[in-house]
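Novice: Input: one structure, supplied below.
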Amino acid sequence: TVSALPSSPMTQRSQLFRDSIADNLRLANPAATESQLWEVLTAAGLAEHVKAMPGRLEARLGEAGQGLSGGQSRRLALARFLLTDKPLWLLDEVTEGLDGETARDVLARLFASAEGRTVVVITHNRREAEFADRIVVLKEGCQFDECQSGTPEYGVVLNTLRPD
């Protein structure tokens, strides 16, 4: 029997729409309460910024998240992702385009919320792979190497990945 876990993807390019902060978040969970929206905004490190915006949750974004910085847009995408509450997370280059400090903060917040979930990270970045318990290296679409955290090979593989 073949089965699959319900999953949520988060890619390097999450689309934000010309709409309110709340409506952009509710794309992931239309039934989300205001309390849940603030909870995920807090987890994503964006709540204080949204509280300072005129209209707060009803503040309107421009096309593609205009009105937010790149890091703030990424945090809003993270907050939306956290509303999905699926057991399998697929993360594809989620910190691409972010400075190192913002990227590490976003990753720490993501993984702090990942307890009890299976997380698959697709990356060329060392900072993303450092959170992995196990690294599988693919070459030409096939498994090429595999290593566990805490082994000497793990550090060797991490050092082959792109630094900040």
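The values are calculated or read from the model by the stated rules, or taken from the named source; none is laboratory data. Just so we're clear, the structure is a prediction, and the values are computed from it rather than from any experiment. Neighbour counts are summed over all protein chains in view; Cβ atoms, including those assigned to glycine, are modelled from backbone coordinates with ideal geometry.
Novice: Name the pairs: first residue in region 9-28 and over 16 Å from Arg60 (Cβ atoms) and outside any strand (DSSP E or B), second residue of a type in the set (S, T, N, Q) and at pLDDT below 90, Cβ to Cβ under 9 Å, at least 6 apart or on different chains?
Specialist: Gln12/Thr95; Ser14/Ser73; Ala28/Ser8; Ala28/Thr84
Novice: Now for a separate question. Condition first: among the acidic types (Asp, Glu) and in contact with a helix residue (DSSP H, G or I) (Cβ under 6 Å, 6 or more places away or on another chain). Can you find one or more residues in region 63-75 that meet it? Spell out the reasoning first.
Specialist: Going through region 63-75, the residues among the acidic types (Asp, Glu) turn out to be 63.
Imposing the further condition that a residue be in contact with a helix residue (DSSP H, G or I) (Cβ under 6 Å, 6 or more places away or on another chain) reduces the set to none.
No: zero hits.
Novice: From the list Ala52, Ala32, exactly one residue is out of contact with any helix residue (DSSP H, G or I) (no Cβ under 7 Å at 6 or more places or on another chain) and at pLDDT 90 or above. Which is it? I'd like the intermediate steps shown before the answer.
Specialist: Working: Ala32 fails: out of contact with any helix residue (DSSP H, G or I) (no Cβ under 7 Å at 6 or more places or on another chain).
Ala52 is the lone residue from the list that is out of contact with any helix residue (DSSP H, G or I) (no Cβ under 7 Å at 6 or more places or on another chain) and at pLDDT 90 or above.
Novice: Conditions: (1) under 12 Å from the mean Cα position of the chain (by Cα); (2) more than 24 Å from Pro6 (Cβ to Cβ); (3) surrounded by 14 or more Cβ atoms within 10 Å (Cβ to Cβ). Ala47 meets all but one. Number of the miss?
Specialist: Every listed condition holds for Ala47 apart from (1).
Novice: In region 76-108, which residues are in a loop (DSSP other than H, G, I, E, B) and β-branched (Val, Ile, Thr)?
Specialist: Of everything in region 76-108, those that are in a loop (DSSP other than H, G, I, E, B) and β-branched (Val, Ile, Thr) turn out to be Thr84, Val94, Thr95.
Novice: Can you tell me which of (1) touching a residue at least 12 places away in the same chain (Cβ under 8 Å); (2) closer than 20 Å to Leu161 by Cα is the one Glu101 doesn't meet?
Specialist: Among (1) touching a residue at least 12 places away in the same chain (Cβ under 8 Å); (2) closer than 20 Å to Leu161 by Cα, the lone unmet condition for Glu101 is (1).
Novice: Is it the case, given these coordinates, that Asp105 is out of contact with any strand residue (DSSP E or B) (no Cβ under 7 Å at 6 or more places or on another chain), of a type in the set (Asp, Glu) and more than 22 Å from Pro30 (Cα to Cα)? Talk me through it step by step, then tell me what you get.
Specialist: On the way: out of contact with any strand residue (DSSP E or B) (no Cβ under 7 Å at 6 or more places or on another chain): yes; of a type in the set (Asp, Glu): yes; more than 22 Å from Pro30 (Cα to Cα): yes.
Yes: the conditions hold for Asp105.
Novice: For region 139-164, enumerate the residues that are surrounded by 11 or more Cβ atoms within 10 Å (Cβ to Cβ) and not in a loop (DSSP other than H, G, I, E, B).
Specialist: Asp145, Glu146, Cys147, Gln148, Glu153, Tyr154, Gly155, Val156, Val157, Leu158, Arg162
Novice: Of the residues that sit in region 132-143 and are at pLDDT 80 or above and of a type in the set (A, V, I, L, M, F, W, C), which one is nearest to the chain's Cα centre (by Cα)?
Specialist: So in region 132-143, the residues at pLDDT 80 or above come out as 132-139.
From what is left, the residues that are of a type in the set (A, V, I, L, M, F, W, C) are 132, 135-138.
Working: Ala132: 14, Ile135: 18, Val136: 20, Val137: 21, Leu138: 22 Å.
Ranking the candidates gives Ala132 first.
Novice: Hey, can you tell me all the residues within region 110-131 that are out of contact with any strand residue (DSSP E or B) (no Cβ under 6 Å at 6 or more places or on another chain), surrounded by 11 or more Cβ atoms within 10 Å (Cβ to Cβ) and either at pLDDT 90 or above or outside any helix (DSSP H, G or I) (or both)?
Specialist: Ser113, Ala114, Thr123, Glu130, Phe131
Novice: Could you count how many residues in region 55-92 are modelled with pLDDT under 85 and touching an Asp or Glu at 6+ places or on another chain (Cβ under 8 Å)?
Specialist: Counting residues in region 55-92 that are modelled with pLDDT under 85 and touching an Asp or Glu at 6+ places or on another chain (Cβ under 8 Å) gives 1.
Novice: Residue check: is Val94 surrounded by 16 or more Cβ atoms within 10 Å (Cβ to Cβ), in contact with a strand residue (DSSP E or B) (Cβ under 6 Å, 6 or more places away or on another chain) and within 22 Å of Ile21 (Cα to Cα)?
Specialist: Working: surrounded by 16 or more Cβ atoms within 10 Å (Cβ to Cβ): yes; in contact with a strand residue (DSSP E or B) (Cβ under 6 Å, 6 or more places away or on another chain): yes; within 22 Å of Ile21 (Cα to Cα): yes.
Considered against the rule, which asks whether it is surrounded by 16 or more Cβ atoms within 10 Å (Cβ to Cβ), in contact with a strand residue (DSSP E or B) (Cβ under 6 Å, 6 or more places away or on another chain) and within 22 Å of Ile21 (Cα to Cα), Val94 comes out as yes.
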